[in-house]
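Below is one structure; the comments refer to it alone.
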Amino acid sequence: MEAYLADPSGWWWSTILLHDSRETVLKRALAIIAQARLPDHETALGQLGAGPLEDMMGNELLDALGNWTPFTAAMCHALRMVRMDAKSPALRRRLDAMILEP
């Protein structure tokens, strides 16, 4: 976790789905996000959002993330980096509501 936060460009490979199961990657990403602090880890959080969280984005992921609400600033930042253009409007609304939840 600390290595990823210190050098996300050097550790990006540790959070891709090709190497580990979806469950393992999600656990690793959530552990990293839990340790991250803004603004120090903005790049790492953005990379997690645009990488594994985007790859896993769907109702199943949002169901799992429901246990993490309300989200920390770090989690919100990572989730805002997920590109939602190709996702359904319902999924986009659901994510938006979770991010905005107090």
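Each Cα pair under 8 Å and six or more residues apart adds its separation to the average, and for the chain the resulting relative contact order is 28 percent.
Heavy-atom surface analysis with a 1.4 Å probe gives the chain a carbon and sulfur content of 54 percent of its accessible area. Sites listed here are trypsin sites (Lys or Arg not before Pro) in the chain whose DSSP assignment is loop and whose Cβ has at most 16 other Cβ atoms within 10 Å: R37, R83, K87. What does the C-alpha gyration tensor say about the overall shape of the range 8-85? Classify as rounded when a/c is under 1.5, otherwise prolate if a/b is larger than b/c, or oblate. Here the range 8-85 falls in the rounded category. Accessible area per residue for the chain, computed on protein heavy atoms with a 1.4 Å probe, is 57 Å².
M84 contributes an accessible area of around 20 Å² to the protein surface, as traced by a 1.4 Å probe with all chains present.
Couplings 3J(HN,Hα) for the range 57-63, derived from phi with the Karplus relation 6.51 cos²θ - 1.76 cosθ + 1.60 (θ = phi - 60°), are 4, x, 4, 4, 5, 5, 4 Hz, where x marks Gly and Pro.
Computed over the chain with a Gaussian network model linking Cα atoms closer than 10 Å, the most mobile of A74, A50, A86 is A86. If only the Cβ of Lys and Arg carry +1 and only the Cβ of Asp and Glu carry -1, the dipole of the chain around its Cα centre is close to 240 debye.
The values are calculated or read from the model by the stated rules, or taken from the named source; none is laboratory data. Computed from a predicted model, the values in this text were never measured in an experiment. Glycine also receives a Cβ, built like all others from the backbone with ideal geometry; neighbour counts cover every protein chain displayed. Each accessible area value is taken on the protein alone, full model and side chains, heavy atoms only, with ligands, DNA and RNA left out. Shrake-Rupley method; radii C 1.70, N 1.55, O 1.52, S 1.80 Å.
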